[in-house]
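First comes the structure, then the notes that go with it.
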Amino acid sequence: MHTIQGDRQQFTLLPASIEDYVSAQDRVRLYDAFVEHLVRNKEVQFPAPNYEGQAQYDRPSLLKLLL
């Protein structure tokens, strides 16, 4: 039977953490903090989740993607 052998010396394709992609001064962090502030202070209201069909995405995450 044929098996595929991996190379143990190969580096990973992607960084181990999403934090490695984004610097501390990147404006994406501002958008993230802004949406989290809106959600935490209930300044933005999301409709009640619909439990029929496929599972829904996290609505604050979708708002972050939109911004």
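Laboratory data are not the source of any read-out in this text; all were calculated from the coordinates shown. All figures in this text were calculated on a predicted structure; none of them were measured in a lab.
For this structure, a couple of remarks:
- Directionally averaged projected area (convex hull, Cα atoms, the chain), nm²: 9.3 nm²
- Residue-by-residue Karplus 3J(HN,Hα) for region 27-37, coefficients 6.51, -1.76, 1.60, Hz, glycine and proline x: 5, 4, 5, 5, 4, 4, 5, 5, 5, 4, 5
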